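The values are calculated or read from the model by the stated rules, or taken from the named source; none is laboratory data. Because the structure is predicted, anything quoted here is derived from the model rather than measured. Ideal geometry is used to build each Cβ from the backbone, glycine not excepted, and the neighbour counts take in all protein chains shown. These accessible areas exclude ligands, DNA and RNA; they are computed on the full protein's heavy atoms, side chains included. Shrake-Rupley method; radii C 1.70, N 1.55, O 1.52, S 1.80 Å.
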Amino acid sequence: MVELTPTASYSLTVRLQIPNRTGMLAKVTQAIASVGGNLGQIDLIDQTRQFVIRDLTIDASSTEHAEEIVTALKKIPDVQVINVYDRTFNLHRSGKITIENKIPIKTQADLAMAYTPGVGRICTAIAQEPEQVYKLTIKQNTVAVVTDGSAVLGLGNLGPEAALPVMEGKAMLFKAFAGIDAFPICLATQDTDEIVKTVKNIAPVFGGINLEDISAPRCFEIEARLRKELTIPVFHDDQHGTAIVTLAALLNALKLVKKSLEEIRIVINGAGAAGIAIAHLLKKTGAVNLTLCDSKGIISTARQDINEEKQHFVVNQTGTLADAMVDADVFIGVSTPNIVTPEMVRSMAREPIVFAMSNPIPEIQPELVAMDVAVMATGRSDYPNQINNVLAFPGIFRGALDCHATTITPSMYLEAAYALAALVSPSDLNREYIIPSVFDPRVTPAVSAAVIHAARKDGVARY
């Protein structure tokens, strides 16, 4: 396996005491380079005639790699490692989000209007006209990020407490990219009925519900039931966010290889929430020849272990993932690391498109097939063409909240994907740029506008 590229997710700050002699800093940087560390910022903390104290920021590729870097530094004669800080853990200490008041409470008048007795008038107004809740409370700009901790990232069933850092991060992204106030709701149950009941009971506070990291196939039923029983948007990002961004990237990748969605063979590996949603959206967009694989191989009519969601995609072919990939034009991976070999990629059709989106380790390392693919995308930020859900969900909810949508429709997914794809102009489109950056300021407004347009067309916009 090719070693992973160092990334900020495993970055360290190492404080060193270094003799104040010419060439000593060079020895430090050489030691870091010798074990594959990626040196970033160097800060001078203190200096005397005998010693210099510096903080070095270093990116590693794993926890073990970070330990290897520190060990290499400790072996340098006369250099002392004073302290080592894991920058990711430091960033998460005490949580990543907070609640702030929008107005100051400085006087008796402020208190009388914001709370009792003045607030009673607002309560009465909402009781008499329930739609006023959108104008007079936080509901019009607030989303609940709900999980049961059963499918946390690629880590599995870790439970609600361990899921909380992810939900906090999601709330940060809502605020940073769409100005939406989101709050993590981590439920201490994995019972479908209890989850549906709980979300319904807290729904009056929120303008939308973002379901996150709930394992398949329960996630399908939970979303379907909540959409049926609530009159606010419900969106499972692991399904539809992934599908929207994947479709947008694929539409642009196909332009580069001059192939149409209707004529290509697509293989999707991973038949959980993301894989099923991608397959549905691709079919709705026009894909005809689509093969879905899970850990046991092709989703085939010959198998007896296919659940209801997978039944939509059974084919008459049997075999392994390797069998499915022969002569395929597109591979989309939402599964497990290192499951695809270079030989499997080379068995694909001419100018193959490979989206290896398992995170943090993709189905195949891009370096292994750089010369064999027309377009490569991953879920990682340190490679080109990152398929990242943050390109979708902030704009989806911004649009849904702004038009007071009662639900999220498939047309919204399609319009959002088309809007994302259109942000890459024909003159800029190339094999390493098929999807906009998550920091492109055009993304959320474009997706939001597309969602509002679709909501009005579908008759689900109340405003």
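With the structure loaded, tell me whether Ser448 is outside any loop (DSSP other than H, G, I, E, B), at pLDDT 95 or above and either of a type in the set (S, T, N, Q) or surrounded by fewer than 17 Cβ atoms within 10 Å (Cβ to Cβ) (or both) or whether it fails that test. Spelling it out, Ser448 is indeed outside any loop (DSSP other than H, G, I, E, B), at pLDDT 95 or above and either of a type in the set (S, T, N, Q) or surrounded by fewer than 17 Cβ atoms within 10 Å (Cβ to Cβ) (or both).
For Ile452, the criteria (1) within 23 Å of Met376 (Cα to Cα); (2) in contact with a Gly (Cβ under 7 Å, 6 or more places away or on another chain) hold in every case but one, which is (1).
Looking only at residues of region 422-445 that are surrounded by fewer than 23 Cβ atoms within 10 Å (Cβ to Cβ) and among the aliphatic types (A, V, I, L, M), we find that the one that is nearest to Ala374 (Cα to Cα) is Leu429. Taking Ser300, is it touching a Cys at 6+ places or on another chain (Cβ under 9 Å) and at pLDDT below 95? In short, no.
Here are some residues: Thr285, Thr291, Thr301. Which one is open to solvent by 10 Å² or more (accessible area, probe 1.4 Å) and closer than 20 Å to Pro217 by Cα? Answer to the selection: Thr301. The single condition from (1) at pLDDT 95 or above; (2) over 30 Å from Asn20 (Cβ atoms); (3) under 35 Å from the mean Cα position of the chain (by Cα) that Gly120 fails is (3). The lone criterion from (1) under 36 Å from the mean Cα position of the chain (by Cα); (2) surrounded by 10 or more Cβ atoms within 10 Å (Cβ to Cβ); (3) of a type outside the set (Lys, Arg) left unmet by Ala114 is number (1). Cβ-Cβ contacts under 7 Å between residues 6 or more apart (or on different chains), taken from a first residue in region 86-103 that is surrounded by 10 or more Cβ atoms within 10 Å (Cβ to Cβ) to a second residue that is of a type in the set (S, T, N, Q), are listed as Arg87/Ser11; Arg87/Thr13; Thr88/Ser9; Thr88/Ser11. Cβ-Cβ distances below 6 Å connect the following pairs, each with a first residue in region 115-130 that is without any contact (Cβ under 8 Å) to a residue 60 or more places away in the chain, a second residue that is surrounded by 10 or more Cβ atoms within 10 Å (Cβ to Cβ), and a separation of six or more residues or different chains: Gly118/Ala112; Ile122/Leu136; Ala125/Gln132; Ile126/Gln132; Ile126/Val133. Only one of the numbered conditions (1) surrounded by fewer than 22 Cβ atoms within 10 Å (Cβ to Cβ); (2) part of a helix (DSSP H, G or I) is violated by Glu415, and that is (1). Looking at region 230-274, which of its residues are in contact with a Ser or Thr (Cβ under 8 Å, 6 or more places away or on another chain) and closer than 15 Å to Thr378 by Cα? Matches in region 230-274: Leu247, Ile268, Asn269, Gly270, Ala274. Among the residues of region 119-152, the ones that are of a type outside the set (Ser, Thr, Tyr), surrounded by 14 or more Cβ atoms within 10 Å (Cβ to Cβ) and not in a helix (DSSP H, G or I) come to 8 in all.
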